[in-house]
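Here's the structure we're looking at; comments come further down.
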Amino acid sequence: MCGIVGYIGPKAALPFLVEGLKKLEYRGYDSAGVATLEAGELHVSKCVGKIADLETLLLTKPVPGSIGIGHTRWATHGQPSHLNSHPHEDCKSELVVVHNGIIENFLELRQELQERGHVFRSATDTEVFAHLIEENLQGDLLKAVQQALKAVKGTYALAVISKKEPGKIIAARSGSPLIIGHGEDELFIASDIPAILKYTSRVTYLDNGDVAELTPEGSRVFNLAGDPVIKEISLISWDPESAEKGGYSHFMLKEIHEQPNAIRKTIEGRVRAESHEIHFDELNLSDADIRGINRVVFTACGTSWHAGLIGEYLFEQYARLPAEVEYAAEFRYRHPIIDDKTLVVAITQSGETADTLGAVWEAKAQGARAIAICNVVGSTIAREADGVVYTNAGPEIGVASTKAFTTQLTIVYLLAIMFGQKRAILTELETAKLVNDLIEIPQKLEETLLGEPIVEEIAEKIYGATNSLYLGRGKGFPIALEGALKLKEVSYIHAEGYPAAEMKHGPIALIDKNMPVVVLAFAGRRYDKIIGNVEEVKARGGQVIAVASKGDNLIAERADEVIYIPQTTESLSPLLAVVPLQLLAYYIAVKRGCHIDQPRNLAKSVTVE
Ligand code: M6R
């Protein structure tokens, strides 16, 4: 949560700071601020609200200078207010700090600092940094930051500028992401790649414990003890356009439409055309390793957890391996019974989710092999895991996850088929059929997206609802959960996802004519049972919106609305069925006038527990 940026170079810092913060707004958007240095003076502008509000303020209160830092906030300590907005200052207003993370011992530090005469202006944990650095500052900002960091417990990505040393930015990282972008004669810092993509594709990923000094001459990285650390420069392959809306009204809609190509890229290079053999060379898993694994545990949060739930079903079905999915926050503290024969698969778009990271640490501590399915290259979880498979979805900016989910699912399918193949559970013929069907999914998704106007019409009919139910059986159940989560997130309508058979054990009491019930009714062995559930809803006056396979005329006679998806193997249907539900949530939110890409109270990466 929270995004930070910084600039040092020959140009005015402000345009990049504002633009970079806009690209990071998905990380938090309740208040924002910038600070620059010019002619030895600090200039600070901050306010409650979004970056657009900050821009308005900057029209009357611009901040000059070619060195600056900025922040967009998702409140943890202290409500969104002017005083709690970053940057935070020391007592003498000689230095300012922006911070992403949580300082766990801030109360204790704050009290000690107050006892020593420091005056606090905000309720944030971050402000302790400003005062700690102030106390340690004796002519060397880098050393003062290093000293200050030794006193704190918790997580941080931070940037500091001081009028005492006006030619530099000090940046540091522990637990929250931070990168340095290397441009022509200029340096950038940012919490995430999209902020700098337009300016450079050359980045250095800071690691925990790194403290960087950025000056017009270049960047140097040290550890907390002051020893130099050699860092590599990596090249980012994302195209700058991928972080723009590209003519769509929202990132969410753009990202929904990007799914066919995103899935193509996810599959590309991982399937051998002739043999249908699936390979993930990046995992360094030999055939013997695969055969030695006796259990698979998926761990994740939110939408990524839903991908893990499908993973559980797929590994049981294709690989006949005991598999389960665990909420990362529960798994990490629950004394899980795992060992070196357990494969733990962390699924995460951002690679920065605190609970998922904790689950990876726990898995490794117990001797399990922990791999990650991740979208963001170089992210913390990608680097902490024993192996990583990238989803190749490109940057996902909308807070509601869409293309990250379907590309995660694609990897989960490929892994499950690979395990089934290597464990000799799937025959060559079965493998070839599944792989071929998976390869056809992107084109079928394009077909699915042609149904968008129908989904929009349905949204028009139900956008006034206050509650809704999503039902599915088998692999339709995770999609029911995901459809409900999408609706909650972007439209603020209360929605519940349920295994359809469970409806009669409670939720059926809620059904009346005002309750839209979305039913995943795609073709497969549970189809008749789902039809039974549709009848039960209709008998109680509920409105049924069914997602069904093309050619299913029976459902049209029973449901109020039907959204058709192309026919495919039953187990692959989730990849198609989720897309109309993403669109439904999107159009309902549009009609309700919601902030679709930045829903209230949410942030894209949840880097706090
Ligand atoms: O980056 P991650 O995949 O680890 O994020 C996990 C969840 O926070 C995320 O999926 C969240 O539920 C999304 N907002 C869902 O749309």
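Observations
- Cα pair distances in region 3-241, grouped into 5 Å bins until the bin that holds the longest one, percent each: 1, 7, 16, 21, 22, 18, 10, 4, 1, 0, 0
- Dipole in debye (nearest 20) - region 381-502, about Cα centre, beta carbon charges: Lys, Arg +1; Asp, Glu -1: 360
- Contact order relative to length of region 251-439, as percent, for alpha carbon pairs under 8 angstrom and 6 or more apart: 28
- Cα-based helix-to-principal-axis angle, 403-422 vs the chain, degrees rounded to 10: 60
- Residues whose amide H falls under 5 Å from that of residue 154, counting only those 5 or more places apart or on a different chain, are 104, with hydrogens built in the peptide plane.
- Derived scalar couplings between HN and Hα for region 285-296 equal 9, 7, 4, 5, 4, 4, 6, x, 7, 10, 6, 10 Hz in order, rounded to whole Hz, by the Karplus curve 6.51 cos²θ - 1.76 cosθ + 1.60 (θ = phi - 60°), x for Gly and Pro.
- Among residues other than residue 287 with Cβ under 10 Å from its Cβ, the summed charge is +2 (Lys and Arg +1, Asp and Glu -1).
- In summary, the convex hull built on the alpha carbon positions of the chain has an orientation-averaged projected area of 27.6 nm².
- Three semi-axes describe the equivalent ellipsoid of region 251-439; taken as square roots of 5 times the Cα gyration tensor eigenvalues and ordered largest first, they are 23, 22, 13 Å.
- Percent RCO, i.e. relative contact order, over the chain, from Cα pairs under 8 Å lying at least 6 residues apart: 11
- Long-range HN-HN contacts of residue 168 with modeled amide H, under 5 Å: 162
- Axis of helix 476-491 versus longest Cα principal axis of the chain: the two differ by about 40°, to the nearest ten degrees.
- Pairs of Lys residues in region 449-591 that lie 8 or more places apart, or on two chains, and have C-alpha atoms under 21 angstrom apart add up to 20.
- J(HN,Hα) series, region 201-212, from Karplus relation 6.51 cos²θ - 1.76 cosθ + 1.60, nearest Hz, glycine and proline x: 10, 9, 10, 10, 8, 7, 9, 4, x, 7, 10, 10
- Charge dipole (the chain, unit charges on Cβ, about Cα centre) - positive-most of 187, 62, 47: 47
- From the alpha carbon centroid of region 185-201 to that of region 321-377 is 30 Å.
- Where only DSSP H runs of four or more residues are counted, the chain gives -11000 deg cm²/dmol as its mean residue ellipticity at 222 nm, each run worth -39500 (n - 2.57).
- Spatial offset of region 237-287 relative to region 81-147 amounts to 43 Å, using the alpha carbon center of each.
- Placing unit charges on the Cβ atoms only, positive for Lys and Arg and negative for Asp and Glu, gives the chain a dipole magnitude near 720 debye about its Cα centre.
- Cα gyration tensor shape of region 217-280, rounded if a/c is under 1.5, else prolate or oblate by comparing a/b with b/c: oblate
- Extreme residue, positive dipole direction of the chain, given options 24, 435, 527 (C-beta unit charges): 527
- Structural descriptor for region 165-285: relative contact order 19 percent, calculated from alpha carbon pairs under 8 angstrom and at least 6 residues apart.
- Region 439-510-region 541-609 distance, computed between alpha-carbon centres (Å): 4
- About its Cα centre, region 251-439 has a charge dipole of approximately 80 debye under the convention of +1 per Lys or Arg Cβ and -1 per Asp or Glu Cβ, with nothing else charged.
- Projecting the Cα atoms of 564, 126, 276 onto the dipole axis of the chain, where Lys and Arg carry +1 and Asp and Glu carry -1 at the beta carbon, places 564 farthest toward the positive end.
- Of 198/265; 22/403; 153/198, those spanning more than 25 Å from alpha-carbon to alpha-carbon: 153/198
- Taking the Kirkwood radius as Rh and the Cα radius of gyration as Rg, region 152-263 has a ratio of Rg/Rh equal to 1.06.
- Accessible area per residue was computed with a 1.4 Å probe on protein heavy atoms; residue 494 scores about 80 Å².
- Near residue 586, once Lys and Arg are set to +1 and Asp and Glu to -1 for all other residues with Cβ below 12 Å from its Cβ, the sum equals -1.
- Angle in degrees between helix 302-314 and the longest Cα principal axis of the chain, rounded to the nearest 10: 40
The values are calculated or read from the model by the stated rules, or taken from the named source; none is laboratory data. Since the model is a prediction, treat every value here as computed from it, not as a measurement. Every residue, glycine among them, receives a Cβ derived from its backbone with ideal geometry; neighbour counts consider all protein chains shown. Accessible surface is based on the protein model in full, side chains and every heavy atom, while ligands, DNA and RNA are left aside. Shrake-Rupley method; radii C 1.70, N 1.55, O 1.52, S 1.80 Å.
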